[in-house]
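Okay, so here's the structure we're looking at.
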Amino acid sequence: MIGNWVHKALCGKPEHENVNFFPDTGELGGPGYVNAVRKSQAICLECPVRVECAVYAVRANERIGVWGATTPTERHRLHHARNLSLDVERFHLTLKKSA
Ligand code: SF4
């Protein structure tokens with residue numbers, strides 16, 4: 001179940017309504033997919049609930065979409081993390097450095 005954090009979600013703001021947080025996985029790795037993921041991740045990295053969002057998506061086994069800046073592949077990798085919140089924060093730091 002999604003928590004109260006969802007009310008603080010930046011992706012729910014009108015200014016981001018045209019950003020595709022659920023790119024077509026049929027295009028996985030293609031330029032359209034990569035572009036949509038990058039745009040979504042940039043917003044997620046500014047979102048105050050990015051850790052809660054990513055932790056939720058990993059635990060809920062969300063298979064599509066960008067959640068808390070994570071893609072399905074990254075969530076799969078995080079699935080067995082011992083300290084999920086900490087590993088998500090580390091992932092966000094890495095992503096910020098590479099931006
Ligand atoms: S982290 Fe990204 S997907 Fe999650 S609530 Fe924030 S903007 Fe939306």
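Out of the residues in segment 49-90 that are within 19 Å of E17 (Cβ to Cβ) and surrounded by fewer than 22 Cβ atoms within 10 Å (Cβ to Cβ), which is farthest from the ligand (Cβ to nearest atom)? Out of the qualifying residues, it is I64. Check segment 11-33 and report whether any residue there is touching a Cys at 6+ places or on another chain (Cβ under 7 Å) and among the aromatic types (F, W, Y). Taking every residue of segment 11-33 in turn, at least one turns out to be touching a Cys at 6+ places or on another chain (Cβ under 7 Å) and among the aromatic types (F, W, Y). Candidates are the residues of segment 8-22 that are over 14 Å from the mean Cα position of the chain (by Cα) and near the ligand (Cβ under 10 Å from one of its atoms); the one that is surrounded by the most Cβ atoms within 10 Å (Cβ to Cβ) is H16. Taking every residue in segment 48-59 that is farther than 17 Å from N83 by Cβ and pairing it with any residue that is of a type in the set (D, E, K, R) and within 8 Å of the ligand (Cβ to nearest atom), at least 6 positions away or on another chain, the pairs with Cβ-Cβ distances below 9 Å are P48/K8; V49/K8.
Only the coordinates and a few stated rules stand behind these numbers; no lab work does. Values in this document were obtained by computation on a predicted structure and should not be read as measured data. With ideal geometry, Cβ positions are generated from the backbone for all residues, glycine too; neighbour counts draw on all protein chains shown.
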